[in-house]
Amino acid sequence: MKKKYGRDRFPKTPIYLLIAFRLLGHVFGASPVELVEEGNKVFAEGGFNEALAIYEQANELLPDNEIIRFNKGVALYQQGNYQEAEAAFRESAALTSDMTLKSRALFNHGNSVYKQGERMVAEDPEKTMDLLQRSIKSFNKSLEADPLFKPAAENIELARLAIQAVREEMERIREEQEKQNRAREEAVERAKELKERQQDLKDKAESQPDNDTNDEKQEQNETCEGLAQEQQKLKEDTEQLANDVKELFPETQDDNESVADQLKKAASNQEKAAEELKQNDTESAVKSQEEALEELQKALDAMQEETEQEKEQQEEQGDPADDESDESSDEEAEDRGEEQAQESDNEADDEPLEFDEIQDKDAREIIDREKENRAIRMRDIQIRLQPVDKDW
């Protein structure tokens, strides 16, 4: 059973998002200006899908404009389309020579990569850490372009906290897996013991002779009574194992019975055998014991098979707590981040168009609130991106 890494344990401190720009008529033709300003208006009202469609129209008229690409990225981001938003922000950063715009584009590029990591944490925590490392690269480059842009510095720390939380969660899951593996192995050993005890009782029941004298019959009665008591105790132990394995072996394939169901069937046959032994009906008891053995063997086979499959799956996934693996992943992520940054720089072929104004609000309140909430940033909060402008 594959372990998943819950998003509820992912650090969920706010990541800031800048909102769209307004273009000036003296820079662009009337039609692009009108489209972008209309898109910004719709965006401010929460119509992200409609705003994106308007930005797309503007992009057709000015396909290599960094501001329109930026606005597209913001709309895509608000839609939850983080991969396309990432591409739009990367293109915006590559197209512009204005360091302030480049900083904001790289900042939101990092946000988009970060959100992809959040989505992927349940299925692929290793990939999540790779994405978080990439987001740190983007935030660092945002700071390089504008050293005074404090939200980028804040987000670097938040991403590092996220990486630490994922690592801690991976370690917790690894410990749970080890504990479950031990419990599975113990359950297999208990099933083997039950089967051996059942075989021994069956052999004893089969060995009971046909007695003619009263003394021999009395002795047989006493023997069968003892076997019946042992059989009853074995039945109780089998039922206990059936209850214990419900969570250890919950899965069934196709229409096959679960391990717990097979053990319960064995216990039912064992109870029947115990009653038959009390009545000195060894022939019927042996048949019931044989049926119990068959069910015990089915359960044992299923338990062993599932235990081996789980071990193989864990080996394929590797050890999530391996420090060397983590360091290797981090180094590879940084290398990929450098390569992407170089690709972005090489994409800037056209002269950027100037922009004049950004609608803005003060980000300090959010940043200060984040500092106050550091103590609880590792749990019980959810990642969300806040529309934030800055005066620059």
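Looking at (1) at pLDDT 95 or above; (2) outside any helix (DSSP H, G or I); (3) under 30 Å from Asp281 (Cβ atoms), which one does Lys235 not meet, given that it meets all the others?
With respect to (1) at pLDDT 95 or above; (2) outside any helix (DSSP H, G or I); (3) under 30 Å from Asp281 (Cβ atoms), Lys235 is out only on (2).
Given the structure, is Ser31 surrounded by fewer than 15 Cβ atoms within 10 Å (Cβ to Cβ) and part of a loop (DSSP other than H, G, I, E, B)? Spell out the reasoning first.
Working: surrounded by fewer than 15 Cβ atoms within 10 Å (Cβ to Cβ): yes; part of a loop (DSSP other than H, G, I, E, B): no.
No; evaluated as a whole, the condition is false for this residue.
Can you find a residue that is under 18 Å from the mean Cα position of the chain (by Cα) and under 22 Å from Ala165 (Cα atoms) anywhere in segment 105-114?
For segment 105-114, residues under 18 Å from the mean Cα position of the chain (by Cα) and under 22 Å from Ala165 (Cα atoms): present.
Taking into account only those residues within segment 64-89 that are charged (D, E, K, R) and farther than 17 Å from Glu38 by Cβ, which is surrounded by the most Cβ atoms within 10 Å (Cβ to Cβ)?
Top of the filtered list is Glu86.
Suppose we filter Ile136, Ile54, Ile163, Ile68 for residues that are in a helix (DSSP H, G or I), over 30 Å from Ser31 (Cβ atoms) and over 19 Å from the mean Cα position of the chain (by Cα); which single one remains?
Ile136
Name the residue, out of Leu61, Leu52, that is touching a helix residue (DSSP H, G or I) at 6+ places or on another chain (Cβ under 8 Å), in contact (Cβ under 8 Å) with a residue 12 or more places away in the chain and surrounded by 17 or more Cβ atoms within 10 Å (Cβ to Cβ).
Leu52
Hey, Ser135 hits all of (1) among the hydroxyl-bearing types (Ser, Thr, Tyr); (2) modelled with pLDDT of 95 or more; (3) in the same structural domain as Gln229 (by TED's automatic domain parsing) but one; which does it fall short on?
For Ser135, the exception is condition (3).
Lys115: surrounded by 20 or more Cβ atoms within 10 Å (Cβ to Cβ) and assigned to a helix (DSSP H, G or I), yes or no?
For Lys115, the condition - surrounded by 20 or more Cβ atoms within 10 Å (Cβ to Cβ) and assigned to a helix (DSSP H, G or I) - is met.
Checking Val259 against (1) within 26 Å of Pro209 (Cβ to Cβ); (2) buried (at least 21 other Cβ atoms within 10 Å of the Cβ): exactly one of these is not met. Which one?
Here Val259 meets the rest and fails (1).
Of these, Leu101, Leu143, which one is in a helix (DSSP H, G or I) and surrounded by fewer than 23 Cβ atoms within 10 Å (Cβ to Cβ)? Write out each step before concluding.
Details: Leu101 fails: surrounded by fewer than 23 Cβ atoms within 10 Å (Cβ to Cβ).
The conditions single out Leu143.
Being touching a residue at least 60 places away in the same chain (Cβ under 8 Å) and over 22 Å from Ala302 (Cβ atoms) is the requirement here; does Val166 meet it? Write out each step before concluding.
On the way: touching a residue at least 60 places away in the same chain (Cβ under 8 Å): yes; over 22 Å from Ala302 (Cβ atoms): yes.
Answer is yes for this residue.
The values are calculated or read from the model by the stated rules, or taken from the named source; none is laboratory data. Since the structure is predicted, the reported quantities are computational estimates derived from the model, not experimental observations. Note that we place each Cβ from the backbone using ideal geometry, even for glycine, and neighbour counts take in every protein chain shown.
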